[in-house]
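S.K.: Attaching a single structure in structure tokens format; questions to follow.
The values are calculated or read from the model by the stated rules, or taken from the named source; none is laboratory data. Predicted model only: the values in this text are computed from it and were never measured. No Cβ is skipped: glycine too gets one built from the backbone with ideal geometry, and neighbour counts run over all protein chains shown.
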Amino acid sequence: MRVIGLAGWSGAGKTTLIVKLIPALRARGFSVSTVKHAHHNFDIDTPGKDSYEHRMAGATEVLVASDQRFALMHELRGTPEPPLVELLGKLVPVDLVLIEGFKRDAHVKLEVHRAANGKPLLYPDDIQIKALVSDLPDADVPAHLARASIDDVDAVAALVLQLAVPWP
């Protein structure tokens with residue numbers, strides 16, 4: 001299994017890019033999973049559903065399964081958020097894992113940047129950023145960073161395949 005992160009500020013287009021990258025990578029014959037970090041309280045369950053009631057009753061984990069998919073919800077109930085390495089260990093092996101967010105973690109990353117966002121670039125402060133995916137002109141990108149246009153999904157897919165690293 002190889003991993004690579006897509007890091008950037010909110011509104012840069014990370015999710016939009018990942019949604020385009022997944023089919024591009026699958027078309028090249030790779031199996032792909034994703035890990036997404038949320039900075040806020042989120043819930044994939046719905047009040048009134050049995051699984052929701054199980055969690056609200058105090059279950060640590062609730063696994064919901066059908067003939068189409070399954071989902072495992074684990075309530076932290078005050079324990080610390082698991083580190084990325086632990087979360088990656090929960091995935092079944094695939095060829096590539098795209099990590100969205102977790103920008104402060106120490107894994108190889110592509111920085112996704114949109115000039116119109118008005119946010120500073122992350123790469124000067126993160127040695128794990130190996131490429132810039134952006135709408136900036138080439139002249140504004142340092143020579144040591146690989147680069148792809150944010151609108152060129154094939155070029156970004158090539159960077160993913162070039163830069164993704166094996167995960168223990």
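S.K.: From the set of residues in the range 2-33 that are over 14 Å from the mean Cα position of the chain (by Cα) and assigned to a helix (DSSP H, G or I), which is surrounded by the most Cβ atoms within 10 Å (Cβ to Cβ)?
M.R.: Among those that are over 14 Å from the mean Cα position of the chain (by Cα) and assigned to a helix (DSSP H, G or I), it is 25.
S.K.: So, residue 105, is that one in contact with a helix residue (DSSP H, G or I) (Cβ under 6 Å, 6 or more places away or on another chain) and assigned to a loop (DSSP other than H, G, I, E, B) or not?
M.R.: yes
S.K.: Quick check on my filter: what residues within the range 34-51 are touching a residue at least 24 places away in the same chain (Cβ under 8 Å), part of a loop (DSSP other than H, G, I, E, B) and within 17 Å of the chain's Cα centre (by Cα)?
M.R.: Result: 37, 38, 39.
S.K.: Something else about it: In the range 34-59, how many residues are surrounded by fewer than 13 Cβ atoms within 10 Å (Cβ to Cβ), over 26 Å from residue 6 (Cα atoms) and either modelled with pLDDT under 90 or not basic (Lys, Arg) (or both)? Break it down into steps so the answer makes sense when it comes.
M.R.: Step one: list which residues in the range 34-59 are surrounded by fewer than 13 Cβ atoms within 10 Å (Cβ to Cβ), which gives 38-44, 46-50, 56-58.
Filter again for over 26 Å from residue 6 (Cα atoms), leaving 46-50, 56-58.
From the residues that got through so far, the ones that are either modelled with pLDDT under 90 or not basic (Lys, Arg) (or both) too are 46-48, 50, 56-58.
Within the range 34-59, residues that are surrounded by fewer than 13 Cβ atoms within 10 Å (Cβ to Cβ), over 26 Å from residue 6 (Cα atoms) and either modelled with pLDDT under 90 or not basic (Lys, Arg) (or both) number 7.
S.K.: Could you check residue 20 against (1) touching a strand residue (DSSP E or B) at 6+ places or on another chain (Cβ under 8 Å); (2) of a type in the set (D, E, K, R); (3) under 21 Å from residue 147 (Cα atoms) and say which number it fails?
M.R.: Residue 20 satisfies all of (1) touching a strand residue (DSSP E or B) at 6+ places or on another chain (Cβ under 8 Å); (2) of a type in the set (D, E, K, R); (3) under 21 Å from residue 147 (Cα atoms) except (1).
S.K.: Any chance you could count how many residues in the range 138-148 are out of contact with any Leu (no Cβ under 9 Å at 6 or more places or on another chain) and under 18 Å from residue 98 (Cα atoms)?
M.R.: Counting residues in the range 138-148 that are out of contact with any Leu (no Cβ under 9 Å at 6 or more places or on another chain) and under 18 Å from residue 98 (Cα atoms) gives 0.
S.K.: Would you say residue 139 is modelled with pLDDT under 95 and assigned to a loop (DSSP other than H, G, I, E, B)?
M.R.: Taking the combined requirement at face value, the residue does not satisfy it.
S.K.: Go through the range 60-108 and give me each residue that's free of Cβ contacts under 8 Å to residues at least 60 places away in the same chain, surrounded by 10 or more Cβ atoms within 10 Å (Cβ to Cβ) and of a type in the set (Gly, Ala, Ser).
M.R.: Matches in the range 60-108: 71, 89, 106.
S.K.: Can we say residue 112 is under 30 Å from residue 152 (Cβ atoms), aliphatic (A, V, I, L, M) and outside any strand (DSSP E or B)?
M.R.: no
S.K.: Based on this model, can you work out whether residue 159 counts as modelled with pLDDT of 95 or more and in contact with a His (Cβ under 8 Å, 6 or more places away or on another chain)?
M.R.: No: the conditions fail for residue 159.
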